[in-house]
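Participant: Dropping a structure here in structure tokens format, bear with me for questions.
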Amino acid sequence: MFGSTNLARARRSYLLAMGLGAATLAGCQQRERWPEEKTDRPKPPPEPPCRNGEFCVPSASSAEDTACETYVPLPAGAAAELTPEKRRQVRVRFDGELTATHRAGDPGHASCCYRWLEACRGRPLLVDGEALLASAAPRGDWIQSRAAVAARRAAGADEIDEPTRAVLERHWLREAAHEHASIASFALLALDLVALGAPPELLREVTNAALDEIRHAEIAFALASTYGRRSLGPSPLAVPPRPRCATPGDLALDTYRSGCVAETVAAALAGEAAAGASPLLATILRGIAADEQRHAALSWRVTAWALRRGSAGAARMIAHESELGFGFPATTAAAETSLVRFGVLAPTERRRTASRAIRSIVMPCTRALLALAA
Ligand SMILES: [Fe+2]
Ligand SMILES: [Fe+2]
């Protein structure tokens, strides 16, 4: 089990990554007081990923769209189709083009318009507000590396019935698509950092993280291929080669959401999956968990770096979002407890692990991050 010692170790490494010392570490730990989590909540129904939409709110000024706030909370009427838990995770971003169109159609009522996007798991690849994932394609080149061959050997697929094989193939293909998207996500983060004048050590770590994600994708495609008895890899993915975050504030907010929160949770989930897996698979998953933990620490470092460059608006949004709390609904509805030895957590265990990571790591580290920015 990914126990309290591991959680404390992860939290410590993230605080150190932000450049915080022992006194802050002790302070964070003492401030931790969270109510016990209820574990008997009903499972949410499966939902399509990453829904999105737009909304406009009255502007304080009818002048230029520069009067609009870059980041605003989701208003009551927007994204009404989402559950309250999902609404708390939605990402909202000002859209200048949409604002101009809206103002042109209704000159008497100045508005500021925003796009919202449902949060995705892992480190999502978001381009113009859309989450991009490659679909699976028949190809053998993603399952040939040493890591992939080791994963195929560790799969333990010999005595599995066909329905279970199908469930495992689907699960590992979904994981593979997200790992594959993370490669591009880190490559785009490197472009953002170059554009904002980041120091070489951040660029080196981000580039190394992209290499880790290639290995993770190979492992996941190898497992999916083994369970499905066919060679699978990613289809081409249309990634625009340009930076996404124009300001340190954009970078801080984007990295907080997709790195500090999502990768911290991903690291905890990978650690928990490793704890229950068969011995050979556990070794591989422990390696992934260690990588993800390093990626999460990198995200806290990047966010702290961006906030130190001054962005009160982004810091306010981070504070607002952390006050609302985070939820991570289970996404592998078909995964039952019996699949734990294949590295697949049951939905209730996913929720429990994610909630523990949020309250034991994300919340205290967020308080420390905001104290840095104050
Ligand atoms: Fe990964
Ligand atoms: Fe990662």
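Participant: Name the long-range amide H neighbours of L232: under 5 Å, sequence gap of 5 or more, or other chain; modelled H, no Pro or chain starts.
Facilitator: Those lying under 5 Å, H to H, from L232 are R139, S225.
Participant: Once amide H atoms are placed 1.01 Å from N in the peptide plane, what residues at a sequence separation of 5 or more from E54, or on another chain, have their amide H within under 5 Å of its amide H?
Facilitator: The list, which skips near neighbours in sequence, is W116.
Participant: Let me ask something else about it. Assuming 0.36 nm per residue, please report the length gained on full extension of the stretch E54 to R139 beyond their Cα-Cα distance.
Facilitator: Extending this stretch completely gives an extra 26.8 nm.
Participant: Please work out the FRET efficiency for the pair D158 and L237, using the Cβ-Cβ distance as r and a Förster radius of 35 Å; give the result to the nearest 0.05.
Facilitator: Working from the Cβ atoms, E equals 0.60.
Participant: On to the next question. From the phi angles alone, apply the Karplus equation (6.51, -1.76, 1.60; θ = phi - 60°) to segment 224-238 and give each ³J(HN,Hα) in whole Hz, x where the residue is Gly or Pro.
Facilitator: So the J values, rounded to whole Hz, are 4, 5, 5, 5, x, 6, 7, 8, 10, x, x, 7, x, 10, 7.
Participant: If the chain between T207 and A195 were fully stretched, how many nm would it gain, using 0.36 nm times the residue separation less the Cα-Cα distance?
Facilitator: 2.8 nm
Participant: So who's got an amide H within less than 5 Å of the one on S111, skipping anything under 5 residues away but keeping other chains? H placed 1.01 Å off N, in plane.
Facilitator: Under 5 Å from the amide H of S111 lie the amide H atoms of S59, each far enough along the sequence or on another chain.
Participant: Using R₀ = 35 Å, calculate the FRET efficiency as 1/(1 + (r/R₀)^6) where r is the Cβ-Cβ separation of A8 and R146; round to 0.05.
Facilitator: According to the calculation, E is roughly 0.60.
Participant: Could you give each residue of segment 270-280 its phi-based ³J(HN,Hα) in whole Hz, using Karplus coefficients 6.51, -1.76, 1.60 with θ = phi - 60°, and x for Gly or Pro?
Facilitator: Values per residue, Gly and Pro as x: 5, x, 5, 5, 5, 4, x, 7, 4, x, 5 Hz.
Participant: Then there's this: Return the sequence-ordered ³J(HN,Hα) values of segment 99-111 in whole Hz as given by the Karplus equation 6.51 cos²θ - 1.76 cosθ + 1.60 applied to θ = phi - 60°, using x for Gly and Pro.
Facilitator: Rounded to whole hertz, the list is 4, 4, 4, 5, 5, 5, x, 8, x, x, 10, 5, 9.
Participant: With a cut-off of 18 Å, note down the residues of segment 182-199 whose backbone N falls inside the zone around a label point 7 Å from the Cα of R309 toward its beta carbon.
Facilitator: Counting backbone N atoms under 18 Å from the label point, the list is 186-199.
Computed from the coordinates by the stated procedures, all read-outs in this text should not be read as laboratory data. Everything numeric in this text was worked out from a predicted model, so none of it was measured. Every residue, glycine as well, gets a Cβ built from its backbone with ideal geometry; the counts of neighbours run over all protein chains shown.
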